[in-house]
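Report on one structure; see the data block that follows.
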Amino acid sequence: MTEVRLHDVELVPERTLGGPADEETLSGRLTFGWDLLPADHEGVPAEWLSYVKATPEREFRRLVMVCSFRPETTAAQGEFRHASLGIALSTPDPRTRPIARLIDPGERTRPVAGFGTGLNVTVKAGLLDIGLEKPQSDGPARQEWIVRGHGASQPNPQWEFRRVKRFPLVGDHPVAALVELVPGRPNTAQVLVAAELEHRAWGIRRYRARLAPPAQAIVLAE
């Protein structure tokens, strides 16, 4: 296993019509960290290791990234509603790009208790009868995704994070990609993080993370 060091990043608000003109950059709400590991490093998923062993002529790196979302405070209000983490893999030659052959997770879920519809509609003698039902909280739990990955076998994978009922978007959320490198060239991963926060007074506001240069452009191979 690896330990990823997390670093504070600032959330810069996107200016929109009707938004607060004095909205400030948020600090202390989001941290980001990453680590670059050999493809056969301890803890790699078995299917990843099998993929690497089946293609010994290719060169891979395991890129591990962690977004950590912190709860709101009186000084930095707003609850995380949705966030995204994307990487753009590249070399100096735009015709050749590294590829994220495998990504993790494809989907990470949490069980959410089932509920009734709360609405009962019947038709009696041509009249529409609408009645309210008390929601049932003891129904079977269903799995709702909290992290979803896209872009396997592409040079620009992306992960989405969201809150679901009883599971706020807080805490550490690790993701990873098995990157096939372009040999003989510098390989980099440009990182972009965005988030939506829901404020009591302003409603939903969108932010982009201001990442320090080492994290904004991760060197995969020199």
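Here are some notes:
- The residue of the range 199-222 that is farthest from Leu89 (Cα to Cα), among those that are basic (Lys, Arg) and in contact with a strand residue (DSSP E or B) (Cβ under 7 Å, 6 or more places away or on another chain), is Arg205.
- Residue ID - farthest from the chain's Cα centre (by Cα), chosen from residues in the range 45-78 that are under 24 Å from Arg185 (Cα atoms) and in a strand (DSSP E or B): Phe60
Per-residue answers, yes or no, for (1) closer than 18 Å to Pro174 by Cα; (2) at pLDDT 95 or above:
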site	(1), (2)
Pro45	yes, no
Arg61	yes, yes
Val64	yes, yes
Ala76	no, no
Leu85	yes, yes
Thr91	no, yes
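- Listed conditions (1) touching a Ser or Thr at 6+ places or on another chain (Cβ under 7 Å); (2) more than 20 Å from Pro157 (Cα to Cα) are all met by Ile204, apart from (1).
- Residue count for the range 79-107, restricted to those that are outside any loop (DSSP other than H, G, I, E, B), among the small types (Gly, Ala, Ser) and over 26 Å from Asp8 (Cβ atoms): 2
- Only listed residue being of a type in the set (Val, Ile, Thr) and modelled with pLDDT of 50 or more, chosen from Val164, Val123: Val164
- Selection status of Glu160, more than 22 Å from Thr91 (Cα to Cα) and over 13 Å from the mean Cα position of the chain (by Cα): no
- Qualifying residue in the range 81-90 (condition: out of contact with any Gly (no Cβ under 9 Å at 6 or more places or on another chain) and either among the basic types (Lys, Arg) or open to solvent by 50 Å² or more (accessible area, probe 1.4 Å) (or both)): yes
- The test for being in contact with an Asp or Glu (Cβ under 7 Å, 6 or more places away or on another chain), open to solvent by less than 70 Å² (accessible area, probe 1.4 Å) and at pLDDT 95 or above does not hold for Val112.
- Filtered residues of the range 24-44 (kept if open to solvent by less than 50 Å² (accessible area, probe 1.4 Å), closer than 16 Å to Glu3 by Cα and in a strand (DSSP E or B)): Thr31, Phe32, Gly33, Asp35, Leu36, Leu37
- Of everything listed in (1) without any contact (Cβ under 8 Å) to a residue 40 or more places away in the chain; (2) within 17 Å of Arg148 (Cβ to Cβ), the single unmet condition for Gly86 is (1).
- Every residue from the range 186-222 that is open to solvent by 20 Å² or more (accessible area, probe 1.4 Å), among the β-branched types (Val, Ile, Thr) and closer than 19 Å to Glu160 by Cα: Ile204
- Flag for Glu10 being assigned to a helix (DSSP H, G or I) and either crowded, with 18+ Cβ neighbours inside 10 Å or at pLDDT 90 or above (or both): no
- When residues of the range 53-80 are limited to those that are open to solvent by 50 Å² or more (accessible area, probe 1.4 Å) and of a type in the set (D, E, K, R), the one farthest from Glu160 (Cα to Cα): Glu57
The values are calculated or read from the model by the stated rules, or taken from the named source; none is laboratory data. Given the structure is predicted, the values throughout are model-derived calculations rather than measurements. Quick reminder, even Gly has a Cβ in these numbers, built from the backbone with ideal geometry, and neighbours come from all protein chains shown. These accessible areas exclude ligands, DNA and RNA; they are computed on the full protein's heavy atoms, side chains included. Shrake-Rupley method; radii C 1.70, N 1.55, O 1.52, S 1.80 Å.
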